[in-house]
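Student: The structure is given below, and queries will be raised subsequently.
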Amino acid sequence: MSQTDSASLPPAALRSVCVFCASADGADPAFLQGANDLGAVLALEGVRLVYGGGGVGLMGACARATHAAGGQVLGIMPTFLRGREMAFDAVQTVFVTSMHERKAMMFEQSDAFAVLPGGVGTLEEVIELLSWRRLGLHAKPVVFLDPGGYWAPLFKLFGHTVDQGLTPAWFMDTFKSVATAEAVLPAIRAMLHPGAPSGSGATALT
């Protein structure tokens, strides 16, 4: 795994953002709207979307919106999920052999990460990503899109581990949360910029 230090890159160097989110179709309409909005923002800003390759749920909504607006999309999907997650064949999709290979390639192809509402799979992805950050394996920005405080219980759990002395306090500055799709890229760029002040993980940027 490459240990690219994205924190050393200027804001203009933001090329690709990986989006982690639900593949479920039963998502709250507000969550789906956020995924659509983020896809449109990525296309407008000329930032490539890297995602799990599916055509369903929030991931499908984000990919379709990016593609429809003329943006660049890279999907990465294990072969065994092709039918279950309904690969979005209208965009470039790479098929890999395992979940481990998928996550490694998504990491390598991305300068930063946006985390939309999701379930156990999304949690598994983001916890591993933040664990790598805790271990000093990368410095790539992680921004949660947090409509309606969806991620508040997770942030509370992180804070609990800090309060119990099991996680260093600085960990809470390794991610940010925002309330709208339009705020995602500004938050990422603030984290990429060496001179940007560090933010609080649980503080929404508007």
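The values are calculated or read from the model by the stated rules, or taken from the named source; none is laboratory data. Just so we're clear, the structure is a prediction, and the values are computed from it rather than from any experiment. Cβ atoms come from the backbone with ideal geometry, glycine included; neighbour counts cover every protein chain shown. Areas reflect the complete protein model, heavy atoms only, side chains present, ligands, DNA and RNA absent. Shrake-Rupley method; radii C 1.70, N 1.55, O 1.52, S 1.80 Å.
Student: Any idea which of (1) assigned to a loop (DSSP other than H, G, I, E, B); (2) open to solvent by less than 50 Å² (accessible area, probe 1.4 Å) is the one residue 66 doesn't satisfy?
Tutor: The single condition residue 66 does not satisfy is (1).
Student: Going residue by residue through segment 102-118, is there one that turns out to be free of Cβ contacts under 8 Å to residues at least 40 places away in the same chain and among the aromatic types (Phe, Trp, Tyr)?
Tutor: Checked segment 102-118: no residue is free of Cβ contacts under 8 Å to residues at least 40 places away in the same chain and among the aromatic types (Phe, Trp, Tyr).
Student: Ok, one more. Within segment 95-109, which residues are within 17 Å of residue 126 (Cβ to Cβ) and among the small types (Gly, Ala, Ser)?
Tutor: If the condition is that a residue be within 17 Å of residue 126 (Cβ to Cβ) and among the small types (Gly, Ala, Ser), then 104 is the only one that fits.
Student: So which residues in segment 92-117 are outside any strand (DSSP E or B), of a type in the set (A, V, I, L, M, F, W, C) and closer than 25 Å to residue 186 by Cβ, if there are any at all?
Tutor: Of all residues in segment 92-117, those outside any strand (DSSP E or B) come to 97-111, 116-117.
The next check asks that each one be of a type in the set (A, V, I, L, M, F, W, C); those that pass are 99, 104-107, 116.
Result: 106, 107, 116.
Student: To continue, here is another question. Could you check residue 125 against (1) open to solvent by less than 10 Å² (accessible area, probe 1.4 Å); (2) closer than 24 Å to residue 181 by Cα and say which number it fails?
Tutor: (1)
Student: Sticking with this structure for a sec: Go through (1) open to solvent by 50 Å² or more (accessible area, probe 1.4 Å); (2) of a type in the set (Gly, Ala, Ser); (3) assigned to a helix (DSSP H, G or I) for residue 136 and report which single condition fails.
Tutor: With (1) open to solvent by 50 Å² or more (accessible area, probe 1.4 Å); (2) of a type in the set (Gly, Ala, Ser); (3) assigned to a helix (DSSP H, G or I) applied to residue 136, the lone miss is (3).
Student: Another one. Within segment 128-181, can you find the residues that are farther than 21 Å from residue 111 by Cβ and basic (Lys, Arg)?
Tutor: Passing the criteria: only 156.
Student: So, one more: Hey, can you tell me all the residues within segment 169-183 that are open to solvent by 30 Å² or more (accessible area, probe 1.4 Å) and either among the polar types (S, T, N, Q) or in contact (Cβ under 8 Å) with a residue 24 or more places away in the chain (or both)? Working first, answer last.
Tutor: Taking segment 169-183 and keeping what is open to solvent by 30 Å² or more (accessible area, probe 1.4 Å), we get 169-170, 172-173, 179-180, 182.
Those that are open to solvent by 30 Å² or more (accessible area, probe 1.4 Å) and either among the polar types (S, T, N, Q) or in contact (Cβ under 8 Å) with a residue 24 or more places away in the chain (or both): 172, 173, 179, 180, 182.
Student: Can I ask one more? Which of the residues that make up segment 162-175 are within 30 Å of residue 30 (Cα to Cα) and touching a helix residue (DSSP H, G or I) at 6+ places or on another chain (Cβ under 8 Å)?
Tutor: 171, 172, 174, 175
Student: Now a separate question. Any residue at all in segment 87-95 that's surrounded by fewer than 16 Cβ atoms within 10 Å (Cβ to Cβ) and closer than 28 Å to residue 133 by Cα?
Tutor: Yes, segment 87-95 has at least one match.
Student: Considering only segment 119-138, state which residues are among the charged types (D, E, K, R) and in contact (Cβ under 8 Å) with a residue 60 or more places away in the chain. First the steps, then the outcome.
Tutor: Our first condition is that a residue be among the charged types (D, E, K, R); within segment 119-138, this holds for 124-125, 128, 133-134.
Residue satisfying the conditions is 125 alone.
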